[in-house]
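Engineer: Pasting a structure below so you can have a look.
The values are calculated or read from the model by the stated rules, or taken from the named source; none is laboratory data. Note that the coordinates shown come from a computational prediction; the quantities given were computed from them, not determined experimentally. Positions of Cβ are generated from backbone atoms using ideal geometry, with glycine treated the same way; all protein chains shown enter the neighbour counts. Keep in mind that these areas ignore ligands, DNA and RNA; they rest on the heavy atoms of the full protein, side chains included. Shrake-Rupley method; radii C 1.70, N 1.55, O 1.52, S 1.80 Å.
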Amino acid sequence: MTTPTTATDVNQPSLQPAAPTGRRLSLPVLMLVIAGALALTSVVRLVTGANGITNVSQMSTALQLAVPIGLAALGGLWAERAGVVNIGLEGMMILGTWFGAWAGFQWGPWTGVLVGIVGGALGGLVHAVVTVTFNVNHIVSGVAINILALGATRYLAPLAFEGHQGGSAKQSPPVDSLGHFTVPGLADGLRTLNEQHWFFVSDIAGLLGGLVTNVSWLTLIAVALIPATWWILWRTPFGLRLRSCGENPVAAESLGVNVYKYKYLAVIISGGLAGLGGVFLSIVANPFYLEGQTSGRGYIGLAAMIFGNWMPGGLAIGAGLFGYTDSLNLRGGSTNVHALLLLGALLLLVGAIWMAVRKKYVNALITLVVGALVFAWYAGTDEVPNQVVSATPYVVTLVVLALSAQRLRMPKADGMPYRKGQGK
């Protein structure tokens, strides 16, 4: 059999992915949902007076915090579309932070970016060797990589950083900035409009203003990688072959696809993307490596990928949501999170009505009760404890995954063992 050469070969029945269990939202419907959520947020802002939940600074910080999560999610997407579960994203991000800062303070920030990508890719290579060649359980391999990456960087940091100005056993010397830009005129105009605190219009201005104010060049690269990933995986012969390995590797092999090669490439690219997320943390978010600075973002990136149903656009929305909740720690956390309790209560009410319309009365009743409890929490307090603010990103991660679980469909062969020639 010959290797498929065009993306139209997806009509081969053996490579057709199974239909999703739920209805996919079209782009217009998705935009309406986002607009509705933003309008509801605007109502909450006007009622509570918490103008910080949609101001330009909040959105700019949210974008900065969303980028490493989104890059980790993209890394997970590449691996899992080829059928390899990558729990090791956290470890690959750790390698990216260390290698990026180590090379960055010595040879410049852009060299640090490249070396950090290589560091993450090395973690991906190890994961590929263990899971693809030796067929070790993917979860076990990923957890082992996370542990090994943490141990290796903890051992290497004192050797590499101590004795240099600003360096210590747990921190690298500072790395020069990659540079930031602000779109002149547009950024100021959007900020002025946002400060008017008008319904909906000012909230949109705050969202857009955050996208054009004090943006790192590496952020532009990260954002560009989302449509680039979609185009490569869904519009090229290479992407078709790679995805076929995650759906039905036996059928792909029968059509001449070198399954091992594509799995290796996917997991190495996955590690490189996670490493780039780590570089962002140690060069852009902070101008130095700091032990523990990933703070579980690799796992949140994995959650964003699942929330996005293994699609680039969906994981971008998930990363933005988790980045936004994470940004509450830095800007008016207690006041803003207290206001978001009201938003949560309203969203639960809308969800309960939607379930009742679809005749899921038990689910609707449970959702309504939870919404009432959240509203009671909001009405009975003036602020929330700082511990709640810190836990908000992780709570949102769990809630979003729980609510979206019924519409998800992972690649059919994701995580399944495969041996060359097993279909013969």
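Engineer: With +1 on each Lys and Arg Cβ and -1 on each Asp and Glu Cβ, and nothing else charged, work out how big the dipole of the chain is about its Cα centre, in Debye to the nearest 20.
Structural biologist: 1400
Engineer: At 7 Å along Cα-to-Cβ for each site, give me the label-to-label distance between Leu38 and Ser177 in nm.
Structural biologist: So the label points at Leu38 and Ser177 sit 2.8 nm apart.
Engineer: Which number do you get for Rg(Cα) / (2.2 N^0.38 Å) in the chain?
Structural biologist: Computed over Cα atoms of the chain, the ratio equals 1.03.
Engineer: Would you work out which of Leu349, Gln64, Leu186 lies farthest towards the positive end of the dipole of the chain? Charges go on Cβ: Lys and Arg +1, Asp and Glu -1.
Structural biologist: Value: Leu349.
Engineer: Each label point is 7 Å from the Cα along the Cα-to-Cβ direction; what then is the distance between the points at Asp382 and Trp217, in nm?
Structural biologist: Here the modelled spin labels are 4.9 nm apart.
Engineer: Quick one: pull the percent of accessible area on the range 267-424 belonging to carbon and sulfur, 1.4 Å probe, ligands and nucleic acids left out.
Structural biologist: Ligands and nucleic acids excluded, carbon and sulfur give 68 percent.
Engineer: How many lysine pairs are close in the chain, with Cα atoms under 21 Å apart and the two 8 or more places apart or on different chains?
Structural biologist: Here the count comes out as 8.
Engineer: Hydropathy first: keep DSSP H helices in the chain averaging at least 0.5 on Kyte-Doolittle, then drop any whose Cα extent along the axis falls short of 20 Å, and list what survives.
Structural biologist: Both cut-offs are met by 27-48, 56-81, 89-107, 109-128, 138-161, 217-235, 259-279, 312-327, 333-357, 361-379, 386-404.
Engineer: Would you work out which of Leu340, Leu233, Trp377 lies farthest towards the positive end of the dipole of the chain? Charges go on Cβ: Lys and Arg +1, Asp and Glu -1.
Structural biologist: Toward the positive end, the furthest listed residue is Leu233.
Engineer: Report the relative contact order of the chain, percent, no decimals, based on alpha-carbon pairs under 8 angstrom and at least 6 residues apart.
Structural biologist: Relative contact order here is 30 percent.
Engineer: Same structure again: Tell me, in nm to one decimal, what length is gained between Leu373 and Val399 on full extension, where the rule is 0.36 nm per residue of separation less the Cα-Cα distance?
Structural biologist: This chain segment gains 7.8 nm when fully extended.
Engineer: Right, here's the next one. At 0.36 nm per residue, and after removing the present C-alpha to C-alpha distance, how many nm does the segment from Ser334 to Val362 gain when stretched out fully?
Structural biologist: That works out to 6.8 nm of additional length.
Engineer: I would also like to ask the following. Projecting each Cα onto the charge dipole of the chain (Lys/Arg +1, Asp/Glu -1 at the beta carbon, about the Cα centre), which of Leu265, Tyr155, Pro417 comes out farthest on the positive side?
Structural biologist: Farthest along the dipole direction, towards plus: Pro417.
Engineer: Simple spin-label model, 7 Å along Cα-to-Cβ: Phe134 to Met416 in nm?
Structural biologist: Between Phe134 and Met416, the simple spin-label model gives 2.5 nm.
Engineer: Can you give the accessible area per residue of the chain, in Å², using a 1.4 Å probe?
Structural biologist: That works out to 46 Å² for each residue.
Engineer: Ranked highest first by the average count of other Cβ atoms within 10 Å around their residues, in what order do 71-81, 317-327, 160-170 fall?
Structural biologist: Put in order of decreasing packing, that is 71-81, 317-327, 160-170.
Engineer: While we're looking at this one, here's another question. Where nothing but the Cβ of Lys and Arg (+1) and of Asp and Glu (-1) is charged, how large is the charge dipole of the range 231-353 around its Cα centre, in debye to the nearest 20?
Structural biologist: 260
Engineer: Which of Thr392, Thr229, Thr367 moves the most in a Gaussian network model of the chain with Cα springs under 10 Å?
Structural biologist: Thr367
Engineer: What FRET efficiency would be calculated for the residue pair Leu27, Leu159, taking the C-beta separation as r and a Förster radius of 35 Å, to the nearest 0.05?
Structural biologist: 0.10
Engineer: Within 10 Å, count the other beta carbons around each residue, average over each peptide in 180-187, 209-216, and list them highest first.
Structural biologist: 209-216, 180-187
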